[in-house]
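A.B. asks: To start, I am sharing the structure in question, which I have written as structure tokens.
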Amino acid sequence: MDFLPSPKVYFHVASQDTWGRYRTEGYTYLDIPIRSGAYDEHLSCWRPYGNSIFEELRRYFIGSSAELDDLSAVAIPYMYRHEPVSALCDPRN
């Protein structure tokens, strides 16, 4: 008997500084429990780092950062990916 995968809620965590610049702080997801009830969940976020120190400086001072095109890529374990997946988009495009 095959079970359907549990539904997921995806989160894109962002911040805005006093100058109005937005930065991606992380991505995470939550598997929605099958059974009803009260749950206390703790989620860990991750974010893609820039390829160079200049990209990290741009993220800090200008507010631009790499973002994912497809949030569902957050919940795919690496061992289950059959081929490399690029879910990054270039915010300059």
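A.B. asks: Go through segment 40-72 residue by residue and tally those that are open to solvent by less than 100 Å² (accessible area, probe 1.4 Å) and assigned to a loop (DSSP other than H, G, I, E, B).
C.D. replies: Going through segment 40-72 one residue at a time, the tally reaches 13.
A.B. asks: What are the pairs with Cβ atoms under 6 angstrom where one residue, in segment 29-55, is within 15 Å of ALA75 (Cβ to Cβ) and the other, located anywhere, is aromatic (Phe, Trp, Tyr) and open to solvent by less than 100 Å² (accessible area, probe 1.4 Å)? Sequence gap at least six, or different chains.
C.D. replies: TYR29/TYR10
A.B. asks: Can you tell me which residues in segment 1-39 are of a type in the set (Gly, Ala, Ser), open to solvent by less than 80 Å² (accessible area, probe 1.4 Å) and either modelled with pLDDT under 90 or part of a helix (DSSP H, G or I) (or both)? Working first, answer last.
C.D. replies: Quick first cut of segment 1-39, residues of a type in the set (Gly, Ala, Ser) only: 6, 14-15, 20, 26, 36-38.
Going one step further and asking which of them are open to solvent by less than 80 Å² (accessible area, probe 1.4 Å), we end up with 6, 14-15, 20, 26, 37.
Correct list: SER6, ALA14, SER15, GLY20, GLY26.
The values are calculated or read from the model by the stated rules, or taken from the named source; none is laboratory data. As the structure is a prediction and not an experimental result, all values here were calculated from the model. Every residue, glycine as well, gets a Cβ built from its backbone with ideal geometry; the counts of neighbours run over all protein chains shown. Remember, those area values only see protein heavy atoms, side chains included, never the ligands or the DNA or RNA. Shrake-Rupley method; radii C 1.70, N 1.55, O 1.52, S 1.80 Å.
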